[in-house]
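S.K.: Take this structure, written in structure tokens, and hold onto it; I'll ask about it next.
The values are calculated or read from the model by the stated rules, or taken from the named source; none is laboratory data. Worth saying up front: this structure is predicted, and the values here are computed from it rather than measured. Please note: Cβ atoms are built from the backbone with ideal geometry, for glycine as well, and neighbour counts cover all protein chains shown. With ligands, DNA and RNA removed, areas are computed over all heavy atoms of the protein, side chains included. Shrake-Rupley method; radii C 1.70, N 1.55, O 1.52, S 1.80 Å.
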Amino acid sequence: RIFRPKTRSAVRQNEAAVAAAMFATNDLVSIAPLNDQRAESRASAALMHSLVEYRLQNSIPWFLTAMGAFQDTMNYGVCISHQYWLYEEREVETIIYDEDTGQAVLTEDGQMATTKSRQLVKDKPCIDLTPPENLRIDPSADWRDPINSSPYVIRLVPMYACDALDRMDQDIPGQQKWRKYTLGQLLATRSQEHDSTRAAREPNRADSTDAEDG
């Protein structure tokens, strides 16, 4: 009768304090040269500052990412993020036109001649927050340095089946090509394991990963 939980209001107050501390100035980051006496170091720091500022304002939703990471820390005591460079190309077919007449070049069977080329789709840095239950490490790892002391680190990445099938057809430079499986094989690997962390985060609600949308 006399106790009312104030968890949400406490988290909101702390989020407001963190937002005021991190975003009180116009600059999102502060980058200074290691050696102020060298002109090259000052120029390098100024260039790096401009690049990071541009990415945090245009490529990465930095405010939402920072607030989401702090909220995870308030709820679980830890936040997990994955930093990577998102690079994606698509193979497109373009019609070949004659330079003199401007008409489409025809093949021997009367079809328009085409050529294949690679088109850049995405090329930007990304910061993704990972729910704590989607990271697997050894329970016996050193609590002071769990990532480096664990013999394995597994990051579970939920994906739609259509996105997984599309990724199998891509050949991204510098990344290992995915093995090809059928839609039936993908759907057969779905895990029905009940996650206690997700259940605690979504009380009195259906598991968000159990939705059947076909």
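S.K.: Any chance you could count how many residues in the range 54-77 are of a type in the set (Val, Ile, Thr) and open to solvent by 70 Å² or more (accessible area, probe 1.4 Å)?
M.R.: 0
S.K.: Which of the residues belonging to the range 97-123 are among the hydroxyl-bearing types (Ser, Thr, Tyr) and farther than 30 Å from Pro173 by Cβ?
M.R.: Once the filter is applied, which keeps residues that are among the hydroxyl-bearing types (Ser, Thr, Tyr) and farther than 30 Å from Pro173 by Cβ, the range 97-123 yields Thr101, Thr107.
S.K.: Of everything in the range 170-184, what is under 21 Å from Tyr84 (Cα atoms) and either free of Cβ contacts under 8 Å to residues at least 60 places away in the same chain or open to solvent by 80 Å² or more (accessible area, probe 1.4 Å) (or both)? Give them in sequence order.
M.R.: Passing the criteria: Asp171, Pro173, Gly174, Gln175, Gln176, Lys177, Trp178.
S.K.: Related question: Of the conditions (1) over 24 Å from Trp85 (Cβ atoms); (2) in a helix (DSSP H, G or I); (3) of a type outside the set (Gly, Ala, Ser), Arg190 clears all except one; give me its number.
M.R.: Arg190 satisfies all of (1) over 24 Å from Trp85 (Cβ atoms); (2) in a helix (DSSP H, G or I); (3) of a type outside the set (Gly, Ala, Ser) except (2).
S.K.: Can you name every residue in the range 139-154 that is open to solvent by 40 Å² or more (accessible area, probe 1.4 Å) and either in contact (Cβ under 8 Å) with a residue 12 or more places away in the chain or not in a helix (DSSP H, G or I) (or both)? Full working, then the answer.
M.R.: As a first pass, look at the range 139-154 and keep what is open to solvent by 40 Å² or more (accessible area, probe 1.4 Å): 139-140, 142-149, 151-154.
Those that are open to solvent by 40 Å² or more (accessible area, probe 1.4 Å) and either in contact (Cβ under 8 Å) with a residue 12 or more places away in the chain or not in a helix (DSSP H, G or I) (or both): Pro139, Ser140, Asp142, Trp143, Arg144, Asp145, Pro151, Tyr152, Val153, Ile154.
S.K.: Sticking with this one: Does Val105 count as exposed (fewer than 13 other Cβ atoms within 10 Å of the Cβ) and not hydroxyl-bearing (Ser, Thr, Tyr)?
M.R.: For Val105, the condition - exposed (fewer than 13 other Cβ atoms within 10 Å of the Cβ) and not hydroxyl-bearing (Ser, Thr, Tyr) - is not met.
S.K.: Return the total of residues in the range 108-138 being surrounded by 10 or more Cβ atoms within 10 Å (Cβ to Cβ) and under 30 Å from Gln83 (Cβ atoms).
M.R.: Of the residues in that region, 20 qualify.
S.K.: Applying the selection to the range 104-135, what residues are assigned to a strand (DSSP E or B) and farther than 30 Å from Phe63 by Cα?
M.R.: Step one: filter the range 104-135 for residues assigned to a strand (DSSP E or B), giving 104, 106, 112, 114-130, 135.
Of everything in the range 104-135, those that are assigned to a strand (DSSP E or B) and farther than 30 Å from Phe63 by Cα turn out to be Ala104, Leu106, Met112, Thr114, Thr115, Lys116, Ser117, Arg118, Gln119.
S.K.: Let me ask something additional. Output the residue which, of all residues in the range 6-48 that are open to solvent by 80 Å² or more (accessible area, probe 1.4 Å) and of a type in the set (Ser, Thr, Tyr), is farthest from the chain's Cα centre (by Cα).
M.R.: Looking at residues that are open to solvent by 80 Å² or more (accessible area, probe 1.4 Å) and of a type in the set (Ser, Thr, Tyr), I get Thr7.
S.K.: Can I ask one more? Could you grab the pairs with beta carbons closer than 6 Å, sequence gap of 6+ or different chains, first residue in the range 3-14 and at pLDDT 85 or above, second one of a type outside the set (S, T, N, Q) and surrounded by 10 or more Cβ atoms within 10 Å (Cβ to Cβ)?
M.R.: So the pair list comes out as Val11/Met74.
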